[in-house]
Amino acid sequence: MPLADNESLIRLAGTDPTDIRPRVPFAPEVLDFLADLSTELRQNPEARRMGDVQSFAFWCRRPHLERMRQAYDDKKRRLGRGLAFHVAPANVPVNFAFSLAFGLLAGCANIVRVPSVPHAVVDLVAAVIAKVLVRHPHVAASNTLVRYDAASRHSAVFSARADARLLWGGDATVLALRALPTPPRCVDVAFADRTSLCVMGAQAVLDLDQAGLDALAHGFFNDTYLMDQNACSSPHLVVWLGAGGAEAAQRFWHALGRKAGTDYPQTPVRAVDKYADLLEAVLDKEPISRARTYGGAVTVLEWSALPDGVAGCRGRFGLFRQILADSLEPLAPHLDGRFQTLTAFGVDRDQLADFVVSHRLAGVDRVVAVGQALDMGLTWDGYDLIGQLTRVVAGPGQP
Amino acid sequence: MAELDDLLALDPFALSAADKAPLFAAAVGQLTRHHRDHCADYARILDVLGFDADRPHGIEDFPFLPARLFKLRRLQSVTDDQVHKVLTSSGTSGQVPSRIVLDAATAALQSRVLTRIVGDFIGKARLPMLVIDAPGTVKGHNAFSARAAGILGFSIFGRNPTYALNDRMELDWDNLDRFLAAHGGEPVLIFGFTFVIWQHFVQVLEKMGRRLNLDQAVLIHGGGWKKLAEQAVDDAGFKAGLVQVGGIRRIHDYYGMVEQTGSIFMQCAAGRLHCPVQADIVIRDAHLAPLPDGSRGLVQLVSLLPKSYPGHLLLSEDEGTVIGVDDCPCGRPGKTFTIHGRTAMAEIRGCSDAAGG
């Protein structure tokens with residue numbers, strides 16, 4: 001729906017929050033609303049065809065909400081910070097709903113700005129939220145979804161009212177939003193540009209039977225190709241750990257090539273972009289010994305050494321870097337603050353998380369199994385979101 | 001470089017496709033080895049791709065470069081003191097210019113081959129020339145645009161170029177009347193960019209109801225169909241418009257890239273684009289693998305002319321289809337094809353650059 005002028009604001013759901021009194025985290029009326037939303041999205045025939053919407057619906061079904069509530073209980077008295085203003089990302093459409101859910105679960109009132117360019121996923125989920133809110137008037141009174149032009153003054157007006165802000169976007173977008181004045185105690189949670197990598201245990205991959213190998217390729221496919229590798233948590237570099245790395249890599253990439261060859265809708269434009277990225281990497285003097293393709297959809301640049309600026313070496317549309325390594329030690333100095341997620345297979349994830357801590361790394365906020373890179377959680381991008389979006393009421397026995 | 005020199009010296013339509021194929025592949029091999037030996041970046045690309053240029057290959061097997069790479073990097077196979085000029089064409093709507101490094105020999109080769117290809121369609125005589133554009137298009141900071149390059153490049157085929165438009169892109173009737181008084185009804189050469197001819201010449205004359213006496217003219221146009229496609233004007237509609245406003249019937253579209261100036265693909269009277277002996281095309285699928293004749297896909301252009309820069313094998317972002325081989329009703333041998341326009345842009349998914357949208 002076109003905007004009449006760049007100052008107009010379209011309200012997709014809810015009302016401008018009149019009641020911004022904080023709630024406790026995981027408040028019963030909030031869980032009721034989200035569980036109801038989950039049911040509605042899982043029953044909506046249109047929404048059932050959208051994989052990302054179903055992931056969100058699955059995430060906010062009641063048993064999972066209960067599990068998150070129990071896992072978070074830190075015995076502290078907490079209340080939401082007040083009014084949270086969210087600027088949702090344009091290119092991962094369903095994240096506006098996750099952002100809203102984070103604010104709700106923390107006990108905040110929420111103003112969520114969805115991208116100004118209409119998108120089928122956003123429009124559908126927003127319409128379902130509007131419908132479900134009618135059945136939850138207490139939640140409706142403190143939450144709203146709005147759409148307006150990025151160039152308008154609305155972001156400044158909402159920022160001036162905000163007790164917390166969740167800002168999703170590229171570095172430039174986030175910096176521009178952070179420059180807008182907020183009340184002195186406002187807390188910003190900024191999700192800016194990040195990158196990710198993957199570690200595979202060579203022997204574990206060699207030990208897989210065909211079904212296990214295909215499952216691994218399937219998980220890796222979901223981590224990367226579903227978002228054209230553009231998601232912050234999608235890996236760009238695969239580190240093959242231990243003896244047999246070259247054979248394990250061949251085996252894995254061939255399996256991924258079969259999976260992506262049938263399931264990834266490659267287009268000429270993407271193929272040209274990917275090929276140009278490959279050639280640019282060569283001209284940028286990355287230490288590439290060979291580029292190999294596995295079917296049409298997988299291209300792997302084989303590094304002979306770790307270059308400067310590993311975090312900046314990113315692929316699109318199925319372009320990966322790999323390196324063979326005996327240990328992770330040489331990698332540690334390269335894991336700067338731009339790294340977000342480390343996906344792993346065949347390597348103990350607790351040990352990997354301990355590695356990040358013991359090596360005092362600036363980067364890597366998250367260690368998950370291959371296949372879970374895109375799974376959203378209440379700890380995201382290194383932030384404990386409930387912690388960030390609540391305040392603690394200290395009292396006797398609870399420092 | 002026997003095959004390469006032989007082919008460069010031949011008339012553009014002297015060989016059947018079957019006679020051309022082995023010579024052409026050998027010539028591309030020679031050129032590829034030349035660039036490998038004289039451009040370190042290019043040698044490294046071949047190395048990373050695992051391509052052995054010392055073995056024989058079919059033309060579809062040679063590594064190609066996306067044309068846009070020349071916007072990102074300056075690649076050259078000559079030393080800096082051999083550089084004759086650097087073409088910095090910005091394209092018709094592009095922002096970042098391509099940088100094409102020419103030595104004197106390559107520049108001379110470009111105009112020699114262009115002359116022979118165009119001459120095959122319009123004859124050797126230099127005709128009075130009418131340029132459907134404004135004189136300002138080739139002046140000052142515009143001088144490096146693709147439009148200026150086209151106008152200046154084709155000016156060698158005409159005499160005393162007259163500009164049909166003023167710098168406000170309106171018909172310049174003083175110039176037009178003078179040109180028609182001197183040459184109306186005679187053989188003349190008309191040149192312009194496709195959308196300029198349509199928007200500023202055909203449509204304006206149609207609206208005025210004017211008909212010019214240009215029925216002996218031959219018209220050459222290029223630059224792409226994007227803007228006309230938006231108005232649902234195709235090749236047939238374009239030609240019908242020219243018949244109506246000027247009785248112009250001999251009309252040749254041409255296809256080519258500024259990155260491969262000289263070896264252009266001319267449209268014949270049968271409406272097909274022709275590969276000359278000095279150039280060829282390969283059609284590729286969404287994974288960049290070669291497609292059989294008759295399939296629609298990305299157009300890769302191969303030219304034997306680029307010697308001072310490794311641009312002999314370039315991937316465009318246009319889609320095309322090979323129509324036939326050695327079977328054109330116009331009688332010219334070789335491969336013929338048609339262009340469908342730019343390939344569709346992809347929707348980009350991912351989390352960067354968010355709130356802008």
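All of the numbers you see were taken from the coordinates with simple rules; none came from a lab. These figures come from a predicted structure and were not determined experimentally. Note that each Cβ is placed from the backbone with ideal geometry, even for glycine, and that neighbours are counted across all protein chains shown.
Observations, loosely collected:
- Helix axis angle, A:349-358 relative to chain A longest principal axis, alpha carbon, degrees: 80 degrees
- Computed FRET value (nearest 0.05) for B:ALA40 with B:SER295, which takes r as the C-beta separation and R₀ as 51 Å: 0.90
- In terms of other Cβ atoms within 10 Å, A:LYS131, A:LYS259 run from fewest to most in the order A:LYS131, A:LYS259.
- Antiparallel content of DSSP bridges confined to the range B:113-254, in %, to 5: 5 percent
- Segments B:335-343, A:311-319 sorted - mean Cβ within 10 Å per residue, highest first: A:311-319, B:335-343
- Note that the range B:5-106, at 20 °C in a medium of 1.002 mPa s, gets a Stokes-Einstein diffusion coefficient of 138 µm²/s from its Kirkwood radius over C-alpha pairs.
- Net charge contributed by nearby residues that have their C-beta within less than 15 Å of B:THR137 (K/R +1, D/E -1): -1
- Put simply, the amide H of A:VAL187, placed in the peptide plane, has neighbours under 5 Å in A:ALA164, A:ARG165, leaving out anything fewer than 5 places away on its chain.
- Cut-off under 5 Å, modelled amide H: who pairs with B:ASP253 long-range: B:HIS221, B:GLN267
- Whole-Hz ³J(HN,Hα) from phi, Karplus 6.51 cos²θ - 1.76 cosθ + 1.60, for the range A:208-213, glycine and proline x: 5, 7, 4, 5, x, 5
- Computed from backbone phi with θ = phi - 60° and the Karplus coefficients 6.51, -1.76 and 1.60, the 3J(HN,Hα) list for the range B:127-138 is 8, x, 10, 10, 9, 8, 5, 9, x, x, 4, 9 Hz; x is used for glycine and proline.
- In degrees, nearest ten, helix B:235-246 long axis to first principal axis of chain B (Cα): 30 degrees
- Pairwise label distance in nanometres, A:ARG360 with B:ASP174, each label 7 Å out on the Cα-Cβ vector: 7.9 nm
- Between A:ALA332 and A:GLN250, full extension at 0.36 nm per residue minus the direct alpha carbon distance yields a gain of 27.0 nm.
- The mean number of Cβ atoms from other chains found within 10 Å of a Cβ in peptide A:276-283 is 6, as a whole number.
- Charge context of A:ALA211, other residues only, Cβ under 15 angstrom, K/R +1, D/E -1: 0
- Sequence-distant residues sharing a close amide H with B:LEU65 (under 5 Å, placed H): B:LEU313, B:LEU314, B:LEU315
- HN-Hα J in Hz across the range A:303-312 - Karplus 6.51, -1.76, 1.60, θ = phi - 60°, x for Gly and Pro: 7, 9, 7, 8, x, 5, x, 4, 4, x
- For the range B:39-114, the relative contact order works out to 26 percent when only alpha carbon pairs closer than 8 Å and six or more residues apart are counted.
- In this rough spin-label picture, where each label sits 7 Å from Cα along the Cβ direction, the A:THR39-B:MET208 distance is 7.4 nm.
- Label-point separation, B:ASP215 to A:ALA211 (7 Å along Cα→Cβ), nm: 8.1 nm
- Angle between chain A longest axis and helix A:268-283 axis [Cα atoms, degrees, rounded to 10]: 60 degrees
- B:ASP61-B:LYS124 FRET efficiency (beta carbon distance; Förster radius 41 Å; 0.05 resolution): 0.60
- Out-of-range pairs (alpha-carbon distance over 30 Å; input B:LYS226/B:LYS335; A:LYS274/B:LYS139; A:LYS285/B:LYS85): A:LYS274/B:LYS139
- Exposure proxy ranking for B:VAL196, A:VAL357, based on other Cβ atoms within 10 angstrom of each Cβ and starting from the fewest, stands as A:VAL357, B:VAL196.
- The sum of -39500 (n - 2.57) across all DSSP H runs of n ≥ 4, divided by the residue count of chain B, sets its helix-only mean residue ellipticity at 222 nm to -9000 deg cm²/dmol.
- The slack in the chain from B:ALA18 to B:ALA104, taken as 0.36 nm per residue of separation less the alpha-carbon distance, amounts to 27.7 nm.
- For the protein assembly as shown, share of DSSP beta bridges that run antiparallel, in % to the nearest 5: 45 percent
- Taking a Cβ cut-off of under 15 Å around A:GLU329, the surrounding Lys, Arg, Asp and Glu residues balance to a net charge of -1, with basic ones at +1 and acidic ones at -1.
- Between A:ASP263, A:ASP163, A:ASP188, the Gaussian network model of chain A with springs among Cα atoms under 10 angstrom shows the greatest mean-square fluctuation at A:ASP263.
- For the range A:195-379, a/c is less than 1.5, where a ≥ b ≥ c are the root eigenvalues of the C-alpha gyration tensor. That puts it in the rounded class.
- Across the options A:LEU79, A:LEU34, B:ALA108, the greatest Cα extent toward the positive end of the charge dipole of the protein assembly as shown (unit charges at beta carbon of Lys, Arg, Asp, Glu) belongs to A:LEU79.
- DSSP assigns beta bridges within chain A; of those with both partners inside it, close to 30 percent run antiparallel.
- Helix-only [θ]222 nm of chain A, DSSP H runs n ≥ 4, -39500 (n - 2.57) each, per residue, nearest 500: -12000 deg cm²/dmol
- Relative contact order of chain B, defined on C-alpha pairs under 8 angstrom at six or more residues apart (%): 18 percent
- For the peptides B:258-265, A:14-21, B:107-114, residues were scored by their other Cβ atoms within 10 Å and the scores averaged per peptide; the highest-first order is B:258-265, B:107-114, A:14-21.
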